[in-house]
Amino acid sequence: MNRKEFLSDCGKIGLTGVTLSLFPWLESCSDKTRQQTSGEKVRMGIIGTGSRGLFHIQHLLQMPNVEVVALCDNYLPHLDNASQYFPKAKRYDDYRKLLDDRNVECVIIATPLYLHAPMTIDAMEAGKDVFCEKSMAYTLDQALEVYNRRQQLGRVLLIGQQRLFDPKYIKAMQMIHQGVIGDVVGVRNYWYRNNDWRREVPSPELERHINWRLYSEYSRGLMTELACHQLQNGSWAMGMLPERVMGAGSLVHWKEDGRDVYDSVSAIFSYPNGVNMTFESIISNKHFGMGEQILGTKGTIDLVTAMHYTDEPAPRGSGIHQLIEQIEQGVMSNSVFAGTSWAAETSSLAAGRPIMQDVKVVSGESSVGAEADGSKELLEAFVNSVICGKQPEKVLEESYYATQYALLADKAMHEGAILTLDEKYKIPYEPLK
Amino acid sequence: MKDTIITAQMKRRELMLWLACFAVANVVNWVTIIKFATPWYEVFTQLGYVVVLSFVIYALIGMVRLAWWILNRTFRK
């Protein structure tokens, strides 16, 4: 999907003044902003040219208003890969040297989690605008520090929470806020895969360098790598933040390869109105894939498939139709064996309705990224924001809390406790509603 | 084969019979509206079905009349 298609999709969902006031960060993708940034160019540096960095590079290659002038990675094969796309870009193996490069206006940070916060702060202090992959930080304190430094320095900072820019999510949230599914009474998130989550390692000493996701020294595992994306669904849908967090995690299958992050996690996020949001992830069974469902008193919206299922009875036919149906049932029914007096409460088989046309459904199976999941639009929003010198509204706060609650849930799992977010980590938050 | 003569009286009788069927079909529609609590505008919107139903009733009556005619003819012989 290119920008034109995104804007066209936004047209389908009605990217009007009302939508922009509800979801103000979309201003960075609006026609007005597009006109402002037309013909302008930003000089960008990429810190971290591994799989996710290369994923962004594929999008950057399609953006005429980006010039990649510097690349940085301390793993040479990754740097070489990226250099093929931008042979004129300067190469660095130390990100601080890249930050000293005055030709670089802004950076993409696609490095292991534990480096996100220090690199983001260093980059902002060096006067660069920053797009950093999620999660925002490795610890609760670091996330707060990043947020506070951004507020002080006034740089543009976006975190890789691409769902906020995905047209199907925007449309779904619009419907939820309009009350189409009634009151929100539950939020279900899950992400199942069946693979070891490993990358090929050319020599054993590079194991931790390449498979950093598997070690708690560098990553918080499934919570920061997967859950962080889905945890914003609850606050986006309900306009409030969780009050309490609890959960359990364990290594149930991939026990033998030395990793120390959980391969199976379940977490509950309880909201002040009593509604619970769940997140579950297992990486040794992929039957259910990825799912994000907002449950309301009148129906359900599946965010991943962009389908709306109603709990209300299907509209009945006219009186005559119903009479005919009754006669048919009378003729077809077995008069000897009447139907059961109860029915098991299995999942409803009612066919849902798509909330918009031509939806691109993402399976969640790729650990690098997926097309049409909002990533490109997020990147474009970042570039436009850099050109305009304007931080998109509200989006950083959403990213901040997604990170904080992912980290808090991880902490709750390790401590076996029910936790609340300490007051010191609370930042000004205006709900998306 | 001899010519069949349909008199004006026969035509009138069949027309009256179908009109009676149409009236019955309308009554059925009203009953279903009441029974299934559907909107009263179905009196008009379901007229197509009512017309079809009237022909169905007319055909059913026709079958009964045919049977009656066959029986009558058989016993007269």
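The numbers here are math on the coordinates, done by the rules we state, and not lab data. What you see is a predicted model, and the numbers here were worked out from it, not measured in a lab. Quick reminder, even Gly has a Cβ in these numbers, built from the backbone with ideal geometry, and neighbours come from all protein chains shown.
Averaging the Cα positions of each part gives two centres, and for segment A:106-154 and segment A:219-245 these lie 19 Å apart.
The label-point distance for A:Q151 and A:R34, in a model that sets each label 7 Å from Cα toward Cβ, rounds to 3.5 nm.
Modelled label positions at B:A23 and A:R199, each set 7 Å beyond Cα in the direction of Cβ, lie 8.6 nm from each other.
Measuring against 25 Å, Cα to Cα, the residue pairs A:K298/A:K394; A:K171/A:K411; A:K134/A:K286; A:K32/A:K171; A:K128/A:K171; A:K255/A:K286 contain A:K298/A:K394; A:K171/A:K411; A:K128/A:K171 as the ones spanning a longer distance. Between 0 and 90 degrees, rounded to the nearest ten: what's the tilt of helix A:375-388 against the longest Cα principal axis of chain A? Taking the Cα atoms of chain A, the angle to A:375-388 is about 50 degrees.
The slack in the chain from A:E312 to A:Y85, taken as 0.36 nm per residue of separation less the alpha-carbon distance, amounts to 76.4 nm. Let me see the P(r) profile for segment B:10-76: every Cα-Cα distance counted, bins of 5 Å, each bin given as a percent of all pairs. Calculated P(r), rounded to whole percents: 4, 16, 20, 19, 14, 11, 7, 5, 3, 1, 0.
For A:K298 and A:H253, the difference between the fully extended length at 0.36 nm per residue and the C-alpha to C-alpha distance is 12.3 nm. Within the protein assembly as shown, antiparallel bridges make up roughly 55 percent of the DSSP beta bridges whose residues both belong there. Take each residue in A:319-329, count the other chain C-beta atoms within 10 Å of its C-beta, and the mean is 5.
Taking a label point 7 Å from the Cα of A:Y75 along the Cα→Cβ vector, which residues of segment A:128-151 have an amide N closer than 18 Å to it? The answer is A:133-135, whose backbone nitrogens lie closer than 18 Å to the label point. Note on the protein assembly as shown: Cα convex hull, mean projected area over all directions, 38.5 nm². Length available on full extension from A:N276 to A:D183: 0.36 nm per residue minus the Cα-Cα distance, which gives 32.2 nm. Counting Cβ atoms of other protein chains within 10 Å of each Cβ in B:47-57 and taking the mean gives 1. Dividing the mean sequence gap of close Cα pairs (under 8 Å, 6+ apart) by how many residues segment B:10-76 holds gives a relative contact order of 39 percent.
Angle of helix A:3-13 to the longest C-alpha principal axis of chain A, folded into 0 to 90 degrees and rounded to 10: 30°. Mean partner shielding of peptide B:35-42, defined as the number of other chain Cβ atoms within 10 Å of each residue Cβ, is 4.
Measure nothing but the geometry: give the 0 to 90° angle between the long axis through the Cα atoms of B:47-76 and the longest principal axis through the Cα atoms of chain B, rounded to 10°. Rounded to the nearest ten degrees, it is 30. So how far, in whole Å, is the C-alpha centre of segment A:25-60 from the one of segment A:249-279? What the calculation gives is 33 Å, centre to centre.
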